[in-house]
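**Q** Dropping the structure in here first, questions after.
The values are calculated or read from the model by the stated rules, or taken from the named source; none is laboratory data. Remember, it's a predicted structure, so these values are computed and weren't measured experimentally. For neighbour counting, all protein chains shown are included, and Cβ atoms are generated from backbone atoms with ideal geometry for every residue, glycine included.
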Amino acid sequence: MDLAGQERDDALALLEKCRAEYLAIARAKAREIAVKAGRVTVDDVRAACPPPSAVDPRVMGAIFNTPEWQKVGYCNSKRRACHKRPISIFQLA
């Protein structure tokens, strides 16, 4: 693994440890959305369960970092702050 990949993994592991409560809530909401719609994006989760103001919003990147999710495509973010950047579409594995 390259240095950038290791740094990313370390950051995600830290988020798992420090923001476990929010991640559990956000993952439950993601599952709920995916069961109803067949797919889910981080935009969907953020709309239904935004991170608290005291939580770094980059925590959203850890929501789908578990084996229960499978990336199935990409779409452009609908959030103005994201400037239509591509985001992943996930479904339950």
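**Q** Filtering region 73-93 down to residues that are surrounded by 12 or more Cβ atoms within 10 Å (Cβ to Cβ) and of a type in the set (A, V, I, L, M, F, W, C), which residue is farthest from Arg39 (Cα to Cα)?
**A** Ranking the candidates gives Cys82 first.
**Q** I'm trying to understand the selection: among the residues of region 28-68, which are of a type in the set (A, V, I, L, M, F, W, C), farther than 22 Å from His83 by Cα and under 10 Å from the mean Cα position of the chain (by Cα)?
**A** Ala30
**Q** Can you pull out every residue in region 57-93 that is touching a Cys at 6+ places or on another chain (Cβ under 9 Å) and not aliphatic (A, V, I, L, M)?
**A** Asn76, Pro86, Ser88, listed by residue number.
**Q** Need at least 2 residues that are modelled with pLDDT of 85 or more per element, so show me which helices (runs of 4 or more DSSP H) inside region 1-88 make the cut, counting only ones lying wholly within it.
**A** Fully inside region 1-88 and qualifying: 20-37, 42-48.
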